[in-house]
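Computed from the coordinates by the stated procedures, all read-outs in this text should not be read as laboratory data. In this text, all values refer to a predicted model and were calculated from it rather than measured experimentally. When we count neighbours, we look across all protein chains shown, and the Cβ atoms used for this are built from the backbone with ideal geometry, even at glycine.
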Amino acid sequence: MNDGAPAHPDGHGHVDVAKVTLSEEIVDRASVASTDVAEYATWLGDDALILAQQLGWWISRAPELEEDIALGNIALDLIGHARSFLHYAGTATGRSEDDLAYFRDEHEFRSVHLVEQPNGDFAHTIVRQLLMSLYLFELYRELAGSADATLAAVAGKAEKEVDYHRDHASQWILRLALGTEESRERLLVALSDLWPYVEELFRDEPLHDVLAGIAVRPSGLREAFDRVLTDLFAEAELARPRTPTTSGGGRRGQHSEYLGYLLTEMQVLARRHPGATW
Amino acid sequence: MNSAELTLPATDDAQERYFQELIDRDSRIEPRDWMPAEYRTSLIRQISQHGHSEIIGMQPEANWITRAPSLKRKAILMAKVQDEAGHGLYLYSAAQTLGISRDEMAEQLIAGKARYSSIFNYPALTWADMGAIGWLVDGAAICNQVPLCRASYGPYARAMVRICKEESFHQRQGFEILLELSQGTAAQKEMAQDAVNRWYWPSLMMFGPPDDESPNSAQSMAWKIKRFSNDDLRQRFVDMVVPQAEVLGLTLPDPELAWNEDRGHYDMGEIDWAEFHEVLAGRGPCNAQRMQRRRDAHEDGRWVREAAAAYAEKQAAASLKAAS
Amino acid sequence: MTTPGERDSADTWPLWEVFVRPSRGLSHVHVGSLHAPDETMAVRNARDLYTRRNEGVSVWVVRAADITTSDPDAKGAFFESPSGKNYRHASYYTKSEGVKHL
């Protein structure tokens, strides 16, 4: 071989999947979160967890094998973010990431309504993913500069991964919008179904004031979110939907009807064996 | 590649001699080489079936992704099922080099015209099945697959090299799931034993019928597609899992399992081939469900695939227009 | 003549060949193929499929139909010339054995 590297004995090239350096699975800086920071980390963790749980359903059901793998990668990134945030949140009360994921009831979850919306068809899943990825990218970019070192570290890694997610979703938006009549029609339905849940993402809560310098005020992210969306919609020849905003309330534990079913399924096995390790 | 190029004269002695010479000296056959029509057909059948097995094999485990009992296990399981999509994809690509398209293979599968490993027609009823599938089913698959890394057809062998490397984590994670359960609460241990009881015999059937009843084996061995007989591989697998079961503290459901000093192997009980043929004939517990799920994914995804293709066409036309 | 496996008209999405550079300083190596509607998606699918275990730092994709290969039936004639031209190899020159830095 020209570069002097030894050829693989199988003549398979020398891309060796067995030789990898194992890196940290979750970001853990061994610091203990305050009650407020733990609450904030729970918000972030729950959004990522619920979204990952939704995407996991697609693996074995995607439109093409390549997409099974792409959605799987995104879901795995999100589980990683959820685990890091929930692990950190748990340090405040001596609970593990799994205690928080599996042994909290619906009203104790802090996810936004957008991630709770059902997978629907591929267009719904992609629109939900686009809106969340655009929001999370702006959020993590800011949070990477947080005064809280753990939050900053998790956000720093997540920002790069979410950057890829928003690219993936944007590419699909273009293809669905400009592909066939059917795909455009389905995309328009999905956009109008999910648009009402956008507003909640950018609503400031009292906790954001309490955690000034640590938490990111979501209202400040709206402009950047809109700018990216406007450009994408222009390219995709889409207009912003006019469907009215819903009240939200996920950050206060007021959820859509969908969350209960999702949690029931997610938690069923762990709850049947409290205290067990897996 | 058009089909005219594929139908080279099968009677060309010189080409046939060259093909046999390559096989004899353990070289590899590559896609554009002349090959006997039966070698091609037999490979297309084997590789596409292998690909279908990976794709259908995603389902029993995907069934537990949403219910995995810890976030770490959820991530591992997702990564594993995702790998299986990748393996199906590598195999379909290898089959494509022989002149069949991905869409043709997908159509054959959902039309019920293609076979896949019948093991996936058993249901995954509890979380412990994730352990038993990883340990026993993937373990048996690895026994079958490692020799295929030296199969005479280059693209198949190369796909298998990549698959075997990735599979090594699958078996280990299954073993670890069972170990955790076996060392856990009484209910967990019971769950693990029940799963092993259900998956052990089907995993032995994965090696196929006994050698004296295996119609395609002799020719496959002569062509060095297959390198060991069904019974040899089955024996190798049993010899491997018996000591592993001891480490797990679980019992294999075969009272006749016993070490045979003379043979240097474990003796085993008789496999219920009637059940094997029932499942193979499509009368397994989950045949219809697995097929329906695959058909739904394929049909529900059609508009998405078509949209992306239409978009690509429009973009290509636009850039062509811009260039002129 | 294009690469084997390319049957463009038969599939909804065409076939692409994927090359991965395992690390800086090494060549891109052919690792396999995949399906994608266009080059934008092909390079992303390649990233998702062939680098999910840290296998690469760079990815090339090329439409299988765009690859030109040598004619397999002419392989005798095509690759005959190099044999017998041993003077192209350093090992051909034996008189300098034992001389340093040569």
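Residues of region A:133-152 that are closer than 21 Å to residue A:111 by Cα, in a helix (DSSP H, G or I) and out of contact with any strand residue (DSSP E or B) (no Cβ under 9 Å at 6 or more places or on another chain): A:133, A:134, A:135, A:136, A:137, A:138, A:139, A:140, A:141, A:142, A:150, A:152. Which of the numbered conditions does residue A:59 fail, given that it passes all the others? Conditions: (1) facing chain B (nearest Cβ under 8 Å); (2) in a helix (DSSP H, G or I); (3) β-branched (Val, Ile, Thr). All conditions are met except number (2). What do you reckon, is residue B:232 of a type outside the set (A, V, I, L, M) and more than 26 Å from the chain's Cα centre (by Cα)? Here the answer is no, as residue B:232 does not meet what is asked. For region B:234-278, filtered to residues that are without any contact (Cβ under 8 Å) to a residue 60 or more places away in the chain and of a type in the set (Phe, Trp, Tyr), the residue that is surrounded by the fewest Cβ atoms within 10 Å (Cβ to Cβ) is B:259. As for region A:89-110, it holds no residue that is polar (S, T, N, Q), closer than 23 Å to residue A:169 by Cβ and away from chain B (no Cβ under 14 Å). Set side by side, the residues C:61, C:43 differ, and just one is farther than 23 Å from residue B:168 by Cα and in a strand (DSSP E or B), which is C:61. Of the helices (runs of 4 or more DSSP H) lying entirely inside region A:165-234, the ones with 1 or more residues being surrounded by fewer than 19 Cβ atoms within 10 Å (Cβ to Cβ) and of a type outside the set (D, E, K, R) are found at A:181-194, A:206-210. Within region B:164-201, being in contact (Cβ under 8 Å) with a residue 24 or more places away in the chain, more than 26 Å from residue B:271 (Cβ to Cβ) and within 16 Å of the chain's Cα centre (by Cα) holds for B:166, B:168, B:169. Residues of region B:39-84 that are closer than 28 Å to residue B:112 by Cβ, facing chain A (nearest Cβ under 7 Å) and touching a residue at least 60 places away in the same chain (Cβ under 8 Å): B:59 alone. Could we say that residue A:248 is of a type in the set (Gly, Ala, Ser), buried (at least 19 other Cβ atoms within 10 Å of the Cβ) and part of a loop (DSSP other than H, G, I, E, B) here? Yes, satisfied. The number of residues in region B:179-217 being of a type outside the set (D, E, K, R), within 14 Å of chain A (Cβ to nearest Cβ) and assigned to a helix (DSSP H, G or I) comes to 9. Can we say residue B:231 is under 15 Å from residue B:209 (Cα atoms) and surrounded by fewer than 17 Cβ atoms within 10 Å (Cβ to Cβ)? Against the criterion (under 15 Å from residue B:209 (Cα atoms) and surrounded by fewer than 17 Cβ atoms within 10 Å (Cβ to Cβ)), residue B:231 qualifies. Residue A:276 fulfils the conditions (1) of a type in the set (A, V, I, L, M, F, W, C); (2) in a loop (DSSP other than H, G, I, E, B); (3) free of Cβ contacts under 8 Å to residues at least 24 places away in the same chain; (4) within 27 Å of residue A:167 (Cβ to Cβ) except for a single criterion, (4).
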